[in-house]
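A.B. asks: First, the structure itself, so that you have it in front of you.
We did not get these values from a lab; they are worked out from the coordinates using the rules stated. These numbers come from a predicted model, not from an experiment. Glycine gets a Cβ as well: all are built from the backbone with ideal geometry, and neighbour counts include every protein chain shown.
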Amino acid sequence: NAAIEAHQCGDLDKAQTLYESVLKNAPENADALALLGVLYEAQGRYDEAIAQIKQAIQIDPKAGLFFFYLGNVLRGGESWPEAVSAYRRAGELQPDFAQTFFFLGLSLNRCGAQKEALQAYEKAFALQPDNMPEALYNAALTHQLCGNYDAARAALLRLIDVTGQNVTDEQLFSGHEHLLGKWHFHLALLELLSGDYARGFARYRARFCLRKRPAFSAPLWHGENPNGKTILFYAEKGFGDALMLVRYLPMVKEKGARVVLICKAPLVSLFSSLPCIDEIIEEEQIVPLFDFYASLFDLPHIFGTTTDTIPLDIPYLSPPVPKASLQCDLNKMKVGLVWAGNPAFGTDRLRSLPFSDVMTLFDSEVIQEKVSFYNLTREATEEEVCRLQEKGAVNLVSQIKDFSDAARFISQLDLIICCDTALAHLAGALGKKVWILVTPEPDWRWGLQQEEALWYPSMRIFRQSKPEDWKSVMKTVCAALETAFQETAKSTMTGT
């Protein structure tokens, strides 16, 4: 008991000493062996943890909790099939322990056994409906992963109901964002992905139950008449969101407001040219007096945006005058490349392409003959830049200090081939042709199946058919490039 108490209090050294003392006197004490294994796992000693717990199982093979411990260690070491086996046995021996089935579901997800994972999550939730909402949430994610969006939505609505987070339509569309709990946030993302923008943007305000709004002294703007008032807008998330959402500021300006924008330093120069912004402030600078404030991400809801009413007055950003024209063969298409994003971004591993897949562009003799490539990927390594230059590509990254510089170069290109990064938004906002490469479960703004991008008419979407398969995407991109050359040649010959 003293060892367990020390373990629960986080005093691992004391707990280890006590467990070892117990085992010195009773080397076949299965509980002490198993718990010492759990302690080893907390210390990152996975192999020793597995050995200890397996020894405990040999002594007491009917102890379901020991198999649960083993599953946890194997899951921590990403040994997914082995973790599944351990959790299955734990569930057989102790069928009333909800956590076993929850973690079984997680492990089955990683093994690609989604139907079985759903069954495990349902079992976990049924055993502890009051304490296992995450099981129902994971069931919703699994439905979504399988493309069953109606089932995913139903699971989230059920989750909202059982956790007491229901709201009326009036509350959803009004200013009662404080009533929207965290499960509404996840439902909002699904609604946006599915194209239900009216509900999705209204419900997306639930994000402020997960993180607070900034502590401004003035009231939040909900869309009331702003004529003669100063409204402070702030860019809430990444660069891409700010680049996408500044399109709403002319609509605010038309209502007679004085518009002030706070944004990150790399955006200041580019946004300073927008006539709808009266004053622009870099983050961390002193804020002037204002009457209301709002996030840029509040604007789609305030203006009642649907998929049919997205503001499409494009281009809405303008590049600065080029300091010098790009050096290029006038007979070649100028194509910019962005294959990787900021590695600190949560899902960057999924959105960024392996460099080897990007290099397949140079396998086509037709493309080599017809295209001049320009690297815009800040995250490219020196070796990758050298390999591109060996193929004749031009590296522009060293000349780009902010988004204004990036806009200057992008405006001179014919096409940008880009993974889901801020430069895709920049190219689209400039009205440039951009081919964006996305995952099977993309960011909500790219929708589910369409090739056209709702937010940028000049954008074409190339989708993975399965996760992490960029080879087939690049094969499609290469074919599309070759087709574009053929169509251009045909138009030239016919004079059309």
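A.B. asks: Which whole-number percent gives the relative contact order of region 346-496, counting Cα pairs below 8 Å spaced six or more residues apart?
C.D. replies: The value is 21 percent.
A.B. asks: Now, a different point. For a quick protection proxy, order the peptides 192-202, 282-292, 358-368 by their average other-Cβ count within 10 Å, most packed first.
C.D. replies: 192-202, 358-368, 282-292
A.B. asks: Please list, in order, the residues from region 411-431 whose amide nitrogen is less than 11 Å from a point placed 7 Å along the Cα→Cβ vector of residue 378.
C.D. replies: Within reach of a label on residue 378: 422-423.
A.B. asks: Considering only the other residues whose Cβ falls under 9 Å of the Cβ of residue 136, what net charge follows from Lys and Arg at +1 and Asp and Glu at -1?
C.D. replies: -1
A.B. asks: Give, as ranges by residue number, the residues of region 185-214 whose backbone N falls under 16 Å from the point 7 Å along Cα→Cβ of residue 449.
C.D. replies: Under 16 Å, as judged by backbone N against the label point of residue 449, lie 193-196 of region 185-214.
A.B. asks: With 22 Å as the limit, write out which pairs from 237/475; 332/391; 264/401; 391/466 have Cα-Cα distances beyond it, or answer none.
C.D. replies: With Cα atoms farther than 22 Å apart: 237/475; 391/466.
A.B. asks: Name all residues of region 191-233 having a backbone nitrogen under 14 Å from the label point set 7 Å from the Cα of residue 289 along its Cα→Cβ direction, giving them as ranges.
C.D. replies: So the set is 218, 229-231.
A.B. asks: Mind checking the full-extension length gain between residue 208 and residue 348? Use 0.36 nm per residue of separation minus the Cα-Cα distance, one decimal, nm.
C.D. replies: Value of the extension gain: 48.0 nm.
A.B. asks: To the nearest Å, what is the center-to-center distance of region 432-490 and region 286-333, using C-alpha atoms only?
C.D. replies: For region 432-490 versus region 286-333, the Cα centre distance is 22 Å.
A.B. asks: Now, a different point. I need the peptides 77-83, 336-342, 168-174, 150-156 ranked by packing, meaning the mean over residues of other C-beta atoms within 10 angstrom, with the highest value on top.
C.D. replies: Result, highest mean first: 336-342, 150-156, 77-83, 168-174.
A.B. asks: If you take every residue apart from residue 77 with its C-beta less than 13 Å away from the C-beta of residue 77, what net charge results, scoring Lys and Arg +1 and Asp and Glu -1?
C.D. replies: Neighbour charge sum, excluding residue 77 itself: -2.
A.B. asks: Based solely on its DSSP helices, what 222 nm [θ] is calculated for the chain when runs of n ≥ 4 H residues each add -39,500 (n - 2.57) and the sum is averaged over all residues, nearest 500 deg cm²/dmol?
C.D. replies: -14500 deg cm²/dmol
A.B. asks: What does the extension gain come out to for residue 460 and residue 399, with contour length at 0.36 nm per residue minus their alpha carbon separation?
C.D. replies: 19.2 nm
A.B. asks: Determine the gain in length on full extension of the stretch residue 54-residue 26; use 0.36 nm per residue of separation and subtract their C-alpha separation, reporting nm with one decimal.
C.D. replies: Length gained, residue 54 through residue 26: 8.4 nm.
A.B. asks: Given that just one value was derived from the coordinates, which of (1) 23.0; (2) 34.5; (3) 29.2 is mean projected area of the Cα convex hull in nm²?
C.D. replies: Read-out from the structure maps to (3).
A.B. asks: Give the calculated FRET efficiency between residue 94 and residue 326 to the nearest 0.05, with a Förster radius of 51 Å applied to their Cβ-Cβ distance.
C.D. replies: 0.15
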